[in-house]
Amino acid sequence: MIGRSELRIVCCADASSVRLLRHALRSFLDVFALERDLLEDILMASGEVLSNAVEHGCDESGRSNLELIARGGKGDTLAIEVSDEGEFVERGRLPNRGFGLGIARAIANNVTVKTGRGTRVEMTFEPSRARQFR
Amino acid sequence: MNRQSISVLKVSGELEIGRRSEIRDALRLTGAEYAVLIDFSEVTYADSTALSELVRLHREAEAQNTRVAVLVGHPQFGRLLQYAGLAQAFAVFEERGAALAFLAEQGAE
């Protein structure tokens, strides 16, 4: 029986961190034995939110931190939070950019963006509830 | 240049924000292409960084009347397109022969 587990990583908000954080999240999620497509989709949504944090979260000096938190248990709701120190930029689809948050919203059961001192994006995923397009 | 040749632009591995410049350089048109096969057959993961560059290339290709097909090897890319609302935006194939036949057929019209 696997109880509730938590992953928490704080690191520099640069582009090279995103892949490392996504792989760390994958290792964390492996223990929950999720369906492969669902696992990949959760990593895809998380990757998009992490990329946004890197793109918009850096301060002018280029030195900024981001935090990834994942909480879950086997068969339970999975919660993933990404926080950065930057100002959230809500934007529509520019000619060839701006797909990231829309992709996350299409995958996660719920996405909440909280702003203030920095930006925090909270996503939840219900492993037991297949989404319509699966 | 042979006007009947098909240009192949290939990238492999994980396409994400850390490789943005490399992806942009790989998916660049010269302006002289007759048809282009985007070979993602060895791509194991792609995110909106790759998608944005693909959209840019597709727009440039349309402007120069160049046909484009995308060859994929992993179902994740198809879902990425679906979630981004771009499922119908590109000619996507899982088999190289079908992609090349599509490009040849389009060119013959």
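Every number here is computed from the coordinates shown, using simple stated rules; none is lab data. None of the values given here were measured: they were computed from a predicted structure. Glycine gets a Cβ as well: all are built from the backbone with ideal geometry, and neighbour counts include every protein chain shown.
A simple charge model with +1 on the Cβ of Lys and Arg, -1 on the Cβ of Asp and Glu and nothing else charged puts the dipole of region B:6-108 at about 180 debye relative to its Cα centre. For the pair B:Glu94 and B:Ser21, a Förster radius of 30 Å applied to the C-beta separation gives a FRET efficiency near 0.60, rounded to the nearest 0.05.
Taking the DSSP beta bridges in the protein assembly as shown as the whole, what percent of them are antiparallel, to the nearest 5?
Expressed as a percentage, antiparallel bridges in the protein assembly as shown total about 65.
Assuming R0 = 41 Å, what is the FRET efficiency of B:Gln64 and A:Arg63, from their Cβ-Cβ distance, to the nearest 0.05? That pair, B:Gln64 with A:Arg63, gives E of 0.50.
In chain B, taking the dipole from charged Cβ atoms about the Cα centre, the farthest positive-side position among B:Ala84, B:Val43, B:Ala26 is held by B:Ala26.
Let me make sure I get this right: for chain B, a, b and c are the square roots of the gyration tensor eigenvalues over alpha carbons, sorted descending. Under 1.5 in a/c it's rounded, otherwise prolate if a/b > b/c, else oblate. Which is it? Prolate, since a/c reaches 1.5 and a/b exceeds b/c.
Pairwise Cα distances in region A:5-125 exceed 20 Å for 38 percent of all pairs. Shielding by partners for peptide B:7-19, expressed as the average number of C-beta atoms from other protein chains within 10 Å of each residue's C-beta, is 3. Considering only C-alpha atoms, what is the centroid distance from region B:43-83 to region A:7-74, in Å? What the calculation gives is 23 Å, centre to centre. With each label modelled as a point 7 angstrom along the Cα→C-beta vector, the A:Ser27-A:Glu6 pair spans 2.0 nm.
Both radii were evaluated on the Cα set of the protein assembly as shown; the Rg over Rh quotient, with Rh as the Kirkwood radius, amounts to 1.01. Between B:Glu42 and A:Arg105, the modelled labels are 3.7 nm apart [label points 7 Å from Cα along Cα→Cβ]. Counted over all Cα-Cα pairs of region A:7-52, pairs farther apart than 16 Å make up 34 percent.
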